[in-house]
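Read the structure below first, then the notes.
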Amino acid sequence: MKRLFLSAILTAAASPLWAHPGHDHADAGFGAGFSHPLHGADHILAMVAVGLWAASVGGRALWALPAAFVGAMVMGFGVALGGMTLPLVEPMILGSVIVLGLALALAMRLSLAASAAIVALFGVFHGFAHGQEMGAGGAAAFGAGFALATAMLHAGGVALGATLVRELEGRRGRLIMRGLGAGAVLGGVVLALG
């Protein structure tokens, strides 16, 4: 199972596809930053999958995985604003949907550090893309907006996952979460082919 997971990460990195067709924001304020993650299926699927995966693991992962993603995303945003470049940005964003969905679908049980490193890796690329897409103007306001929206999507995933585990007596809820993970993988494939 770990080999399949590693294969998915490597496949995502090698993919030549583009998740972001270039939607620069003329208004780089808080509202533009907040709305950006809510307008892309790639963002929504990946960010909710982080929350669901955190809920399926439980314990410290409930806060550590979302925090790792948001922290790394802010760092990636800063890298883009600093004028540096990252290779494979778009393939990694698309790959994040597939890999995070796969982690959930396979009920991956990695160490907390390994899980946080995986979500942080993808967070850097999501943040970098936000930084590249930002128009002229308030980087701090735009960054605060997309960080808050991302945290809210993570929180929604955590809340949904925790509810499924608690309300559906564990096993059934976990099966539903695995189905949601498979749905994210399918969504990522559709985005890749689209």
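Every number in this text was worked out from the coordinates using simple rules, so none of it is lab data. Just so we're clear, the structure is a prediction, and the values are computed from it rather than from any experiment. All Cβ positions, glycine included, derive from the backbone under ideal geometry; neighbour counts span all protein chains shown.
Given q = 0.14, 0.17 Å⁻¹, what are the Debye log10 I(q)/I(0) values for segment 48-194, with equal point scatterers placed on the Cα positions and solvent ignored? Log10 of I(q)/I(0), two decimals: -0.64, -0.91.
Along the axis of the charge dipole computed for segment 57-194 (Cβ charges of +1 for Lys and Arg, -1 for Asp and Glu, origin at the Cα centre), the listed residues Gly123, Ala159, Ala147 are led at the positive end by Ala159.
Taking other C-beta atoms within 10 Å as the exposure proxy, Phe30, Phe146 rank Phe30, Phe146 from fewest upward.
Evaluating 6.51 cos²θ - 1.76 cosθ + 1.60 at θ = phi - 60° for every residue in segment 175-181, the Karplus couplings come out as 5, 5, 5, 4, x, 5, x Hz, glycine and proline recorded as x.
Put the Cα centre of segment 90-123 next to the Cα centre of segment 138-158 and the gap is 19 Å. Residues Thr85, Thr163, Thr150, ranked from the fewest to the most other C-beta atoms within 10 Å, line up as Thr85, Thr163, Thr150.
Derived scalar couplings between HN and Hα for segment 49-54 equal 4, 4, x, 5, 5, 4 Hz in order, rounded to whole Hz, by the Karplus curve 6.51 cos²θ - 1.76 cosθ + 1.60 (θ = phi - 60°), x for Gly and Pro. Arranged from fewest to most other beta-carbon atoms within 10 Å of their beta carbon, Ser56, Ser35, Ser96, Ser111 become Ser111, Ser35, Ser56, Ser96.
With θ taken as phi - 60° and the Karplus curve 6.51 cos²θ - 1.76 cosθ + 1.60 applied, the whole-hertz 3J(HN,Hα) list for segment 115-120 is 4, 5, 5, 5, 5, 5 Hz, x standing for glycine and proline. Taking amide H atoms as placed 1.01 Å from N in the peptide plane, the amide H of Gly138 lies under 5 Å from those of Ala28, each 5 or more residues away in sequence or on another chain. Net charge near Leu191: determine it from the other residues with C-beta under 12 Å of the C-beta of Leu191, scoring Lys and Arg +1 and Asp and Glu -1. Around Leu191, the surrounding residues sum to -2.
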